[in-house]
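Taken together, the values in this text are just the output of simple stated rules run on the coordinates, not laboratory data. Since the structure is predicted, the reported quantities are computational estimates derived from the model, not experimental observations. Note that we place each Cβ from the backbone using ideal geometry, even for glycine, and neighbour counts take in every protein chain shown.
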Amino acid sequence: MRKRFDEALRDHAREEHKRVGKLDAAQARHDERNQQEAARVEEWDAGIEACRAACRERDVEAVEWFVDQVLAASRYPHGFPKAHQVSYQADTGDLLVEIDLPLEDVIPAARAYRYVKTRDEITAVPRPEKERHELYASVLAQTALRTVHELFAADTDGVVGSVALNGHVATIDRATGREVHPCLITLQAGREEFGELVLTQVDPQACLKRLRSLISPNPYELEPVRPLVTFDLSKYRLMDSMDVVAGLDSFESVSALAGVVEHKRAAKGILVTTSWFGRASEAFANDHGRLELLDGANLVHLFKEHLDLDVIPGPVPPKRRP
């Protein structure tokens, strides 16, 4: 009995030693991960503080990055688009924002649902067309006002003096079958003027009319209005052209653009070629998230859509193996 007891005691001691060793190793890994995470958070916080300091100095790229983050963080119901673009003028403090608005189908077609006992089924009570149109116009107005409010509220340093907002919808023209992007709401509002509004008590459409704005008289028919302010395309700088040999993967050029985007803290980098991009370049751009690659086929489509010109692209890309 004593021998078995001593053997069991030694076995227990060995197992306990193994257990303590595993526990120490796990604790060390846990501490290392915590240190790495703390360093990552510290680096992120330092980057955010640097960006905020740049915003206070009215650095254009920093302010536009900040506004982009505000719009990206805004939460809307399912069916609302998230596309937007921004432009900031440091000397005047003017901010131009273009957003995509929802289409009319965001308004439920049914006003209510009714249980029919005789048929043991639930039927929809249709919403009158006039009511749908009125609700849709109100949704567009509310979205525009909410966007301007969020931008002014987030800018606690007051670098944005006024906001010009253009609200578009991305849809198909039923008459031509082509993609269209009409502007349905355009407005301008100064910080002080907008701050006097009590948004919880206003009628959204009446409030827009009080501001400098134009509203589509028939938004459900996609009747456009002319934007009060449009983007100054001269502010977008183009990189010097890169000598890319047709047929070769332009990964060296794409990765270089990614470096510039990160260094400048740019919202997006665009690389254009009349040729094509290889799979490695496309995969890299997709993973990065802020790179857009426009090849010859894209250029043909853009020339046709915006200038109604038929152009001949560059070299035809080789067929890829599946």
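Here are the numbers:
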| read-out | value |
| --- | --- |
| Debye intensity ratio in log₁₀ form over the Cα atoms of the chain, taken at each q of 0.09, 0.16 Å⁻¹ | -0.70, -1.39 |
| Overall Cα dimensions of segment 43-109 - principal axes, largest extent first, Å | 49, 31, 11 |
| Cα-Cα separations in segment 77-232 greater than 27 Å, expressed as whole percent | 31 |
| Relative contact order of segment 77-232, defined on C-alpha pairs under 8 angstrom at six or more residues apart (%) | 23 |
| More than 14 Å apart - percent of Cα-Cα pairs taken over segment 146-212 | 64 |
| Helix-derived mean residue ellipticity, 222 nm - over the chain, DSSP H n ≥ 4, -39500 (n - 2.57), to 500 | -15000 deg cm²/dmol |
| Calculated FRET efficiency for the pair TYR76/LYS117, C-beta based, R₀ 45 Å, to 0.05 | 0.75 |
| Extension gain from VAL180 to LEU307, taking 0.36 nm per residue of separation minus the Cα-Cα distance | 44.4 nm |
| Distance (nanometres) between label positions extended 7 Å along Cα→Cβ at ALA110 and ARG2 | 8.5 |
| Whole-angstrom gap from segment 1-43 to segment 87-101, using each part's C-alpha centre | 57 |
| Tail weight of P(r) past 14 Å, computed on alpha-carbon pairs of segment 1-56, percent | 73 |
| Sequence of ARG279, ARG56, ARG132 once ranked by neighbouring C-beta atoms within 10 Å, starting from the fewest | ARG279, ARG56, ARG132 |
